[in-house]
Ligand SMILES: [Zn+2]
């Protein structure tokens, strides 16, 4: 039982009591409890791969020295856009991602 499972159980248990009565409630609670227990069964379809975190940064293509940094403004378009300014020449450019940010890649063997 993880914290999410406990929180969910506390959230739904009053409704289960009202709907099913005290005897059924105990059985349903037990089933919900088991479904969040990580020791009950192992899902063989889940693969776990070692990762490494890298920083994705965007260099300015005008001065080739500075890096774009977010202005703090978010344009609520779809997808959202993030205005940036070059740290050296102050060039303005808007991207659909903020820079720098973390990217997870498969770990090198
Ligand atoms: Zn620049």
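Coordinate-derived values only; no laboratory data. Note that the coordinates shown come from a computational prediction; the quantities given were computed from them, not determined experimentally. Don't worry about glycine lacking a Cβ; one is built from the backbone with ideal geometry, like all the others, and counts go over all protein chains shown.
On full extension, the segment bounded by residue 96 and residue 78 gains 5.5 nm, given 0.36 nm per residue less the C-alpha separation.
Computed from label points 7 Å out along Cα-Cβ, the spacing between residue 64 and residue 51 is 3.4 nm.
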